[in-house]
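The values are calculated or read from the model by the stated rules, or taken from the named source; none is laboratory data. Just so it is clear, the model here is predicted, and its values are computed rather than measured. Methodologically, a virtual Cβ is constructed for each residue, glycine included, from the backbone with ideal geometry; neighbour enumeration extends over all protein chains shown. In case anyone asks, the SASA skips ligands and DNA or RNA and just uses the protein heavy atoms, side chains included. Shrake-Rupley method; radii C 1.70, N 1.55, O 1.52, S 1.80 Å.
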Amino acid sequence: MTTFVDRVELHVAAGNGGHGCASVHREKFKPLGGPDGGNGGRGGDVILVVDQSVTTLLEYHHSPHRKATNGKPGEGGNRSGKDGSDLVLPVPDGTVVLDARGNVLADLVGEGTTYIAAQGGRGGLGNAALASARRKAPGFALLGEPGQTGEIVLELKTVADVALVGYPSAGKSSLISVLSAAKPKIADYPFTTLVPNLGVVTAGATVYTIADVPGLIPGASQGKGLGLEFLRHVERCSVLVHVLDTATLESERDPLTDLDVIEAELKEYGGLEDRPRIVVLNKVDIPDGQDLADMIRPELEARGYRIFEVSAVSRKGLKELSFALAGIVAEARAAKPKEEATRIVIRPKAVDDAGFTVTLEEDGLYRVRGEKPERWVRQTDFNNDEAVGYLADRLNRLGVEDELMKAGARAGDGVAIGSEDDAVVFDWEPSMAAGAEMLGRRGEDHRLEAPRPAAQRRRDRDAERDEADREYDEFKPF
């Protein structure tokens with residue numbers, strides 16, 4: 001059974017906003033108590049939070065669908081609905097959030113770092129909040145907005161200072177077991193290590209983390225073996241350590257060739273050219289291993305590598321290696337720019353952004369796009385004529401009708417508000433004026449009952465065309 005997962009596809013859905021309530025206060029001897037419908041509650045967000053105690057994405061591998069709770073609808077008596085609870089998902093330090101196309105949305109590093117993966121929908125206003133001097137007792141309320149939904153990809157890139165790279169069975173897991181308190185699985189067969197191992201090393205006053213990258217073989221950067229799956233774990237390291245097996249039992253391999261192959265795979269993967277390298281000649285406690293180390297050491301030094309001969313069994317050279325790595329890590333940390341106190345700059349997104357566009361599409365449909373119009377459409381109950389009339393008033397005040405006229409729209413032309421997936425399409429009638437004198441009983445709007453000649457003429461033309469097609473199908477010669 002899989003116990004380590006470093007890449008998952010997560011389906012997130014924020015909570016929907018609660019609907020507003022359309023209610024009228026009723027009390028004895030007070031027949032005109034006025035509207036008292038409360039607002040709907042906000043839907044819960046889906047939030048990713050870095051938690052140091054979490055080391056794998058296994059939980060989301062088994063349960064990839066996550067949804068926050070919905071907001072409660074408003075009630076009479078000016079009682080607002082309860083907000084939905086946010087869904088907080090803990091993720092490991094070093095998790096990268098991508099969209100379905102592979103674009104990076106967030107890089108979560110550091111305890112407590114958060115990212116809102118899906119935002120909850122707004123709650124709808126009740127009729128008490130919609131009351132005005134002209135519309136004293138609205139017979140409608142606004143609907144709650146649906147919460148955001150989508151698919152994101154979580155990739156874990158281990159946050160380690162030192163990365164051990166090398167062929168399978170080169171002794172990387174053994175080195176981690178003796179340098180730190182980590183207890184990885186160790187055996188004498190290839191691909192013993194199926195997951196990156198992480199250990200904490202203390203060398204003097206420096207404490208650093210060390211990780212191995214399992215499964216690097218020729219072709220790893222193209223997906224062969226386990227290398228491509230785990231190469232991402234070396235991206236954050238400060239130093240690369242080549243672990244070379246000087247006592248390999250495979251006759252067709254030698255340490256220098258192993259080094260060249262691993263370097264070629266790292267170059268093919270990309271982004272690691274600036275990392276300092278150290279070469280560790282492992283298993284020198286074996287006589288043949290020491291002889292081979294003596295033979296290849298001059299060649300490695302000629303290439304400019306810093307060499308350490310070690311043995312995980314006899315503990316030879318481990319102290320020197322540990323302090324050398326600590327020095328490199330300390331230099332890398334000192335070279336980083338000093339972190340200053342984060343200045344919190346609040347740049348809230350304009351909720352009441354009045355910007356919108358009107359475009360004429362090839363099929364003769366006028367499409368209106370903008371945050372306000374699209375949100376208003378989502379919150380409108382089209383089964384209530386008064387709510388539809390209220391939407392028309394808001395669009396007119398925003399200037400949508402003027403822009404349609406400038407774009408050349410005429411009475412009866414089709415107008416769509418929103419994207420192609422969830423747009424609302426209607427026949428435009430420019431004479432729909434706003435005003436209290438147009439209002440009727442609660443839940444009604446006389447403007448929607450007025451005849452619409454242009455729309456009727458278009459329907460008549462469509463009916464005549466359909467009738468002609470039917471007659472042709474009935475009498476066409478065979």
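Relative contact order for the stretch 112-152: what percent, with Cα pairs under 8 Å and sequence separation of 6 or more? Present the calculation step by step, with values, prior to reporting the outcome.
Numbers: 46 pairs, mean separation 19.8, N = 41.
Value for the stretch 112-152: 48 percent.
How big is the Rg/Rh ratio for the stretch 1-155, C-alpha atoms only, Rh by Kirkwood, two decimals?
1.21
Calculated FRET efficiency, Lys136 and Asp363, Cβ-Cβ r, R0 60 Å, to nearest 0.05?
For R0 = 60 Å, the calculated efficiency reads 0.90.
By the scheme Lys and Arg +1, Asp and Glu -1, what is the net charge of all other residues having a beta-carbon under 14 Å from that of Gly71?
Computed value for this residue: +1.
Eigenvalues of the Cα gyration tensor times 5, then square-rooted: what semi-axes does that give for the stretch 109-160, in whole angstrom, largest first? Working shown, then result.
Values: eigenvalues 382, 30, 5 Å².
In descending order the semi-axes read 44, 12, 5 Å.
For Asp93, what charge total do you get from the other residues with a beta carbon under 15 Å from its beta carbon, if Lys and Arg give +1 and Asp and Glu give -1?
Computed value for this residue: -4.
Give me a comma-separated list of calculated 3J(HN,Hα) values for the stretch 49-58, in order, Karplus coefficients 6.51, -1.76, 1.60 applied at θ = phi - 60°, integers in Hz, x for any Gly or Pro.
Karplus-based 3J(HN,Hα) across the stretch 49-58 equals 10, 6, 10, 5, 7, 9, 10, 8, 9, 4 Hz.
Between the alpha-carbon centers of the stretch 258-314 and the stretch 56-87, tell me the distance in whole angstrom.
Their Cα centres are 53 Å away from one another.
Once amide H atoms are placed 1.01 Å from N in the peptide plane, what residues at a sequence separation of 5 or more from Arg306, or on another chain, have their amide H within under 5 Å of its amide H?
Val279
Taking θ as phi - 60°, what are the ³J(HN,Hα) couplings along the stretch 310-323 by the Karplus curve (6.51, -1.76, 1.60), each to the nearest whole Hz, with x for Gly and Pro?
After applying 6.51 cos²θ - 1.76 cosθ + 1.60, I find 9, 8, 6, 7, 8, 6, 5, x, 6, 5, 4, 5, 4, 6 Hz.
Of Gly40, Ala14, His65, which is farthest towards the positive pole of the stretch 1-68's charge dipole, taken about the Cα centre with +1 and -1 on the beta-carbons of Lys, Arg and Asp, Glu respectively?
Farthest towards the positive end: Gly40.
Quick one: which of Lys172/Lys336; Lys136/Lys372; Lys172/Lys316; Lys157/Lys319; Lys28/Lys72 span more than 26 angstrom between C-alpha atoms? Intermediate results must be reported in sequence, preceding the final value.
On the way: Lys172/Lys336 28 Å; Lys136/Lys372 24 Å; Lys172/Lys316 15 Å; Lys157/Lys319 28 Å; Lys28/Lys72 29 Å.
Beyond 26 Å between Cα atoms: Lys172/Lys336; Lys157/Lys319; Lys28/Lys72.
How large is the dipole of the stretch 1-157 about the Cα centre if only Lys and Arg carry +1 and Asp and Glu carry -1, each at its Cβ, rounded to the nearest 20 debye?
1340 debye
Over 13 Å, how big is the tail of the calculated P(r) for the stretch 231-310, in percent of all Cα pairs?
Cα-Cα pairs in the stretch 231-310 separated by more than 13 Å: 68 percent.
How large is ³J(HN,Hα) for each residue in the stretch 199-204, as worked out from phi by the Karplus curve 6.51 cos²θ - 1.76 cosθ + 1.60 (θ = phi - 60°), to whole Hz, x for Gly and Pro?
Working through the residues one at a time gives x, 10, 10, 10, 10, x Hz.
Considering amide H positions built from the backbone, and no H for Pro or chain starts, which residues 5 or more places from Leu105, or on another chain, come under 5 Å of its amide H?
Sorted by chain and number, the residues that satisfy this are Val97, Leu98, Asp99.
Express the accessible area of the stretch 1-79 per residue in Å², computed with a 1.4 Å probe while the remaining protein chains stay in the model.
The answer is 55 Å² per residue.
Tally Lys and Arg at +1 and Asp and Glu at -1 over the other residues with C-beta under 10 Å from the C-beta of Gly144: what net charge comes out?
Combined, the nearby Lys, Arg, Asp and Glu give +3.
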